[in-house]
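Note sheet for the following structure.
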Amino acid sequence: MTPSRLDFRLEAVAEGSSARAAVFRTLHNQVLTPLFMPVGTQATVKAQLPEALEASGSQILLANTYHLLLRPGPEVFERLGGIHRFMKWNHSVLTDSGGFQIFSLPHSRSMSEAGAVFQSYVDGQSILLSPERSILTQRSIGSDIMMVLDQCIPSTADRRAARAALAITQRWAERSLTARGDSPQSLFAIVQGALHHDLRHESAAGLTPLPFDGFAIGGLAVGEAKTEREDTCAFTAALLPSDRPRYLMGVGTPLDILEAVHRGVDMFDCIIPTQVAKRGTLFTSRGIVQLRRSVYKFQDTPADPACACPVCAKYSRAYLHHLTKTQESLGWQLMGQHNIWFYHQLMRDIRAAILQGRFLPFYHAARQTLGCEDLDFPTPPAARLASQPRPLTLGAYQVHTAAAGFSSIRHTASGEIMHSHTPPLEEAHALYVAQSRLAERALLLPHETPETAPPLVIWDVGLGAAANALAALEAYEAQALRGPVRGLQIISFENDLDPLRLALRHKRHFPYLQHGAADALLIRHQWHSRRFPRLTWQLLHGDFAEQLHHAPALPDFIFYDMFSSRTQADQWTIPAFARILTACQQHPCALFTYSTSTAVRVALLASGWHVARGVAAGVKTETTIALTPAAAPGPWPLLGPSWLSRWARSHVQFPDSLPEEAREAFARRIRHHPQFAGLAETEPA
């Protein structure tokens, strides 16, 4: 490939992720990636001084060709020495081509092969913005990085419209290259194709052989769902050359950026930091804070105690709340300054994590806070009394927040709490994902390919608020980023969807639901990953005993997370476990559950399962693993003679419904279970 004008150098790629750290040099400065570019559409970032932008760490500002063509006009930049001298900015500038702005004026423009004809909002004159005129204007502006003119369409456009747009974008890109001539300015191409992966592949294949200095992912954040954007972003980024910057246009929130970095993107821009600041919204180390809320009226604390920006060092939440309520422009300026500083600090932290080999732990920790809203710092009593929170309830359930700060779902009638002692995702990883060795089992055998390998199948019995299923999804996605894997099919069973509905309404309490797959599952009862085509999630809604026969595949693992036998006694009985064993049809399968009840273990043994000790979880020193005969003994420690001795002394030695005359035969049945045959008294009590 032709050498880049940017002298791009890749420094590190995170293990288990596509996240990258790199460095390149523009005409004005060295640039470290990943980076965020504040949007200065009209040669100014709204309500921000250039000095504040420089102090915050801004490396590149984004300006817009469409607006600067109309006012002040190319001749102004030519006469005054370019945009850097014009706005007194000594670092880099990237100019968008104007394609998105043309897209935003559907009733005031017409498109043709020549370009886009639109009516000026300044004087009403009709103007043809062609690829050549766009590049000529950007040359006059004097930006460090120019963008080709592209035809932007809604991300949800049909295949025919998307193909037509990418074809014209390809031809315009080639014309833009010719128009650049010998200018030292860098030029980026834009990959289009809407949400159609084959069209994205076609667009990238047509553009990447050409001598562009970088590549942008266009046509996203314009109508698609979050999961669709992330899947398409990951797919497209993987198509782009590793020795060129990758730029996701118009995205987004801090969480959006974190997700896109994880998927291999280097550069970002968005108006969000200054746009939401005008309404009193701040991004902080504890999540999103809405300072227009009256709860902050008396808070004499920094906006974010963990932030080193000049705003947090000097001004209180109470003052910023006042400026927001009175709509003073100083509030917009100060909160915009903080938000931009926060974005840049996030990028610095991400870069450091990549270079230090700790990106994945950083990524998982940051996801838990970046999308949360109003996790209030301690408030004075007067403020708390002024605004009591509304109860977080739905049907028979409520959000329960533990003293440790994490939230779970509580069943109000029984008092049972899902994941009561440990954060839901943390417990799900330890009890279900790690014990099942999901990541290891997802690897292909030497003779297998992703197309021929049978998928792993999980029966997620007791969906609840979806922590167990999402823990499995995340583990699989992380493994899939490392290399080829077999498919994963998750089948969730649930007869009451209110816990999931309640958790989705309050995602700030359940940050793992930011993944987005659960939203689709609740609406359509199925979700299919666009990023990993062999990853699916299906919901079977109804009574488990009836629905298990409708499962489309036999399970390799069962995550058995029903309410306890105190609340759902019929789900922990010999007939219940016998039905599951019969449904497995001699297929090797391991069932994992939190219960250590002797009665539950006896019921499993009596129904034909082999039973092993599981890891500690929460306050439990161990849990339970059950294995079909075809899966036994497996890598887990089976119960042995010492457990039999304790069982013989237990007050729950027999099921309550078992007649007295049948107990001796039942005891023989347990003692003569195949897993106890030939074992010596060596198992520790």
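The values are calculated or read from the model by the stated rules, or taken from the named source; none is laboratory data. Computed from a predicted model, the values in this text were never measured in an experiment. Methodologically, a virtual Cβ is constructed for each residue, glycine included, from the backbone with ideal geometry; neighbour enumeration extends over all protein chains shown.
Out of PHE592, PHE676, which single residue is of a type in the set (Phe, Trp, Tyr), crowded, with 17+ Cβ neighbours inside 10 Å and more than 26 Å from HIS549 (Cα to Cα)?
On the way: PHE592 fails: more than 26 Å from HIS549 (Cα to Cα).
When all the criteria are applied, what remains is PHE676.
Figure legend. Inter-residue proximity from segment 262-278: first residues among the aliphatic types (A, V, I, L, M), second residues in a helix (DSSP H, G or I), beta-carbon distance below 7 Å, spacing 6+ or different chains. Indicated pairs: VAL265/CYS233; VAL265/ALA237; ALA277/TRP332; ALA277/MET335; ALA277/GLY336; ALA277/ASN339.
Being in contact with a helix residue (DSSP H, G or I) (Cβ under 9 Å, 6 or more places away or on another chain), modelled with pLDDT of 95 or more, crowded, with 23+ Cβ neighbours inside 10 Å and hydrophobic (A, V, I, L, M, F, W, C) narrows it down to one residue among ALA14, ALA47; which is it?
On the way: ALA47 fails: crowded, with 23+ Cβ neighbours inside 10 Å.
Of ALA14, ALA47, the one residue that is in contact with a helix residue (DSSP H, G or I) (Cβ under 9 Å, 6 or more places away or on another chain), modelled with pLDDT of 95 or more, crowded, with 23+ Cβ neighbours inside 10 Å and hydrophobic (A, V, I, L, M, F, W, C) is ALA14.
Does GLY206 count as modelled with pLDDT of 95 or more and more than 25 Å from the chain's Cα centre (by Cα)? Yes: the conditions hold for GLY206. Residue pairs whose Cβ atoms lie under 9 Å apart, sitting 6 or more positions apart in sequence or on different chains, and linking a residue in segment 544-560 that is aromatic (Phe, Trp, Tyr) to a partner that is in a loop (DSSP other than H, G, I, E, B), are PHE544/GLY462; PHE544/ASN495; PHE544/MET562; PHE557/CYS589; PHE559/GLY462; TYR560/GLY462; TYR560/TYR594; TYR560/SER595.
Entry remark, segment 601-645: residues being touching a strand residue (DSSP E or B) at 6+ places or on another chain (Cβ under 6 Å), crowded, with 18+ Cβ neighbours inside 10 Å and either farther than 16 Å from GLN435 by Cβ or not β-branched (Val, Ile, Thr) (or both) number 15 in total. Screening LEU500, LEU488 for residues that are within 20 Å of GLY371 (Cα to Cα), touching a strand residue (DSSP E or B) at 6+ places or on another chain (Cβ under 9 Å), surrounded by 20 or more Cβ atoms within 10 Å (Cβ to Cβ) and of a type outside the set (Phe, Trp, Tyr) leaves exactly one candidate, LEU500. Mind checking which residues of segment 349-364 are in a helix (DSSP H, G or I) and small (Gly, Ala, Ser)? Listed by number, the residues that qualify are ALA352, ALA353.
For (1) among the β-branched types (Val, Ile, Thr); (2) at pLDDT below 90; (3) in contact with a helix residue (DSSP H, G or I) (Cβ under 9 Å, 6 or more places away or on another chain); (4) at positive phi, each residue gets a yes or a no:
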{"site": "ARG601", "(1), (2), (3), (4)": "no, no, yes, no"}
{"site": "GLY618", "(1), (2), (3), (4)": "no, yes, yes, yes"}
{"site": "VAL652", "(1), (2), (3), (4)": "yes, yes, yes, no"}
{"site": "ARG671", "(1), (2), (3), (4)": "no, no, yes, no"}
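Candidates are the residues of segment 1-29 that are assigned to a strand (DSSP E or B) and touching a residue at least 24 places away in the same chain (Cβ under 8 Å); the one that is nearest to the chain's Cα centre (by Cα) is ARG20.
Just a yes or no: is a residue in segment 423-435 in contact (Cβ under 8 Å) with a residue 24 or more places away in the chain, over 23 Å from ILE580 (Cβ atoms) and of a type in the set (Val, Ile, Thr)? No, segment 423-435 contains no residue that is in contact (Cβ under 8 Å) with a residue 24 or more places away in the chain, over 23 Å from ILE580 (Cβ atoms) and of a type in the set (Val, Ile, Thr).
Given the criterion outside the structural domain of ARG159 (by TED's automatic domain parsing), within 21 Å of the chain's Cα centre (by Cα) and charged (D, E, K, R), identify the matching residue among ARG286, ARG229. Working first, answer last.
Values: ARG229 fails: outside the structural domain of ARG159 (by TED's automatic domain parsing).
Exactly one of ARG286, ARG229 is outside the structural domain of ARG159 (by TED's automatic domain parsing), within 21 Å of the chain's Cα centre (by Cα) and charged (D, E, K, R), namely ARG286.
I'd like to check something: does segment 93-110 contain any residue that is surrounded by 21 or more Cβ atoms within 10 Å (Cβ to Cβ), in contact with a strand residue (DSSP E or B) (Cβ under 7 Å, 6 or more places away or on another chain), of a type outside the set (Ser, Thr, Tyr) and over 25 Å from SER203 (Cα atoms)? Within segment 93-110, one or more residues are surrounded by 21 or more Cβ atoms within 10 Å (Cβ to Cβ), in contact with a strand residue (DSSP E or B) (Cβ under 7 Å, 6 or more places away or on another chain), of a type outside the set (Ser, Thr, Tyr) and over 25 Å from SER203 (Cα atoms). Can you run down the residue pairs with Cβ atoms below 7 Å, 6 or more apart or on separate chains, where the first is in segment 189-201 and at pLDDT 95 or above and among the basic types (Lys, Arg) and the partner is in a helix (DSSP H, G or I) and surrounded by 19 or more Cβ atoms within 10 Å (Cβ to Cβ)? Sorted first by the residue in segment 189-201, then by its partner, the pairs are ARG200/THR232; ARG200/PHE235; ARG200/THR236.
For segment 222-242, filtered to residues that are in contact with a Gly (Cβ under 7 Å, 6 or more places away or on another chain) and part of a loop (DSSP other than H, G, I, E, B), the residue that is nearest to ASP519 (Cα to Cα) is ALA225.
Can you say whether VAL433 is surrounded by 15 or more Cβ atoms within 10 Å (Cβ to Cβ), in a strand (DSSP E or B) and outside the structural domain of PHE235 (by TED's automatic domain parsing), as far as the supplied structure shows?
Numbers: surrounded by 15 or more Cβ atoms within 10 Å (Cβ to Cβ): yes; in a strand (DSSP E or B): no; outside the structural domain of PHE235 (by TED's automatic domain parsing): yes.
The answer is no for VAL433.
Scanning segment 301-323 for residues that are of a type outside the set (A, V, I, L, M, F, W, C), under 12 Å from MET335 (Cβ atoms) and in a loop (DSSP other than H, G, I, E, B) turns up ASP304, TYR315. Once segment 382-430 is narrowed to residues that are assigned to a strand (DSSP E or B), out of contact with any helix residue (DSSP H, G or I) (no Cβ under 6 Å at 6 or more places or on another chain) and β-branched (Val, Ile, Thr), the residue that is modelled with the lowest pLDDT is THR401. Looking at segment 61-143, the helices (runs of 4 or more DSSP H) lying wholly inside it that each contain 2 or more residues that are modelled with pLDDT under 95 and assigned by TED's automatic domain parsing to the domain that holds ALA43 sit at 65-70, 99-103.
I'd like to check something: does segment 253-260 contain any residue that is in contact with a His (Cβ under 9 Å, 6 or more places away or on another chain) and of a type outside the set (Phe, Trp, Tyr)? Can you show your working first?
Narrowing segment 253-260 to residues in contact with a His (Cβ under 9 Å, 6 or more places away or on another chain): none.
No, that holds for no residue.
Could you check, for segment 474-484, whether at least one of its residues is more than 30 Å from CYS372 (Cβ to Cβ) and at pLDDT below 95? Explain how you work it out, then say what you get.
Going through segment 474-484, the residues more than 30 Å from CYS372 (Cβ to Cβ) turn out to be 483-484.
Going one step further and asking which of them are at pLDDT below 95, we end up with 483-484.
Within segment 474-484, one or more residues are more than 30 Å from CYS372 (Cβ to Cβ) and at pLDDT below 95.
Taking residues in segment 568-584 that are in the same structural domain as ARG669 (by TED's automatic domain parsing), and partners anywhere that are among the polar types (S, T, N, Q), the pairs with Cβ atoms closer than 6 Å and at least 6 places apart or on different chains are TRP572/SER565; ILE574/SER607; PHE577/SER607; ALA578/SER607; LEU581/SER607; CYS584/THR628.
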